[in-house]
Amino acid sequence: MAEATQKKLEAELEKYTQMQKDVSKSMSVRQKLETQLTENNIVKEELDVLDTANTVYKLIGPVLVKQDLDEAKATVAKRLEYINGEIQRYETLLKDMEKKSEQQREVLSSLQQEYQRAQGLAAAKA
């Protein structure tokens with residue numbers, strides 16, 4: 001019995017380890033999104049300071065191309081909207097992953113207790 005419980009425990013532990021890796025990856029992506037959000041907010045603030053007399057350039061590959069100020073503002077606004085949406089999506093995903101991870105932790109805990117009891121019974125019989 002202890003051997004079967006041990007194999008089940010190992011399988012559940014592997015699942016838990018994979019869940020933790022997935023949580024870590026998602027947190028990393030979310031941090032990158034936060035960095036992009038900060039950068040784009042800075043760009044938005046800089047564009048808000050400009051007036052129509054200023055010239056705005058957009059980097060396309062190795063070339064700077066002249067861009068209309070209103071078009072640049074619209075592009076940054078859309079980018080901010082997209083990044084905020086992605087951050088919300090990852091927050092929801094992370095909450096869900098944390099909930100599943102907690103459930104998995106509880107399963108592991110009960111299996112460990114079961115395994116220890118089985119080992120204790122095996123030791124008592126020997």
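The values are calculated or read from the model by the stated rules, or taken from the named source; none is laboratory data. Since this is a predicted model, take the numbers as computed values, not measurements. Cβ: placed from backbone, ideal geometry, glycine included. Neighbour counts: every protein chain shown. When the accessible area is computed, the model is the full protein with side chains, heavy atoms only, and any ligands, DNA or RNA have been set aside. Shrake-Rupley method; radii C 1.70, N 1.55, O 1.52, S 1.80 Å.
Some points to look at:
- Residue in the stretch 36-54 that is among the hydrophobic types (A, V, I, L, M, F, W, C), within 28 Å of LYS99 (Cβ to Cβ) and touching a residue at least 24 places away in the same chain (Cβ under 8 Å) present: yes
- Among the residues listed as THR17, THR38, the single one being under 24 Å from the mean Cα position of the chain (by Cα) and closer than 30 Å to LEU121 by Cα: THR17
- Selection status of GLU114, in contact with a helix residue (DSSP H, G or I) (Cβ under 6 Å, 6 or more places away or on another chain) and either of a type in the set (Lys, Arg) or closer than 20 Å to LEU13 by Cα (or both): yes
- Restricting GLN88, GLN116, GLN103 to those that are more than 28 Å from the chain's Cα centre (by Cα), at negative phi, of a type in the set (S, T, N, Q) and part of a helix (DSSP H, G or I) reduces the list to GLN116.
- Restricting the stretch 48-58 to residues that are in contact with a strand residue (DSSP E or B) (Cβ under 8 Å, 6 or more places away or on another chain) and closer than 21 Å to THR38 by Cα leaves a set whose member that is most open to solvent (accessible area, probe 1.4 Å) is TYR57.
- Among the residues making up the stretch 7-33, a single one is under 27 Å from GLU71 (Cα atoms) and open to solvent by 60 Å² or more (accessible area, probe 1.4 Å): LYS32.
- Within the stretch 76-85, if we keep just the residues that are open to solvent by 70 Å² or more (accessible area, probe 1.4 Å) and either without any contact (Cβ under 8 Å) to a residue 24 or more places away in the chain or not in a helix (DSSP H, G or I) (or both), the residue that is farthest from LEU37 (Cα to Cα) turns out to be LYS78.
- Look at the stretch 111-126: where a residue is surrounded by 12 or more Cβ atoms within 10 Å (Cβ to Cβ) and a partner is at pLDDT below 75, sitting 6+ places away or on another chain with Cβ atoms under 7 Å, you get TYR115/ALA2; ALA118/MET1; ALA118/ALA2; GLN119/ALA2; ALA122/ALA2.
- Verdict on GLN36 being open to solvent by 50 Å² or more (accessible area, probe 1.4 Å), assigned to a helix (DSSP H, G or I) and farther than 30 Å from TYR115 by Cα: yes
- Residue check, LYS73 open to solvent by 60 Å² or more (accessible area, probe 1.4 Å) and at pLDDT 95 or above: yes
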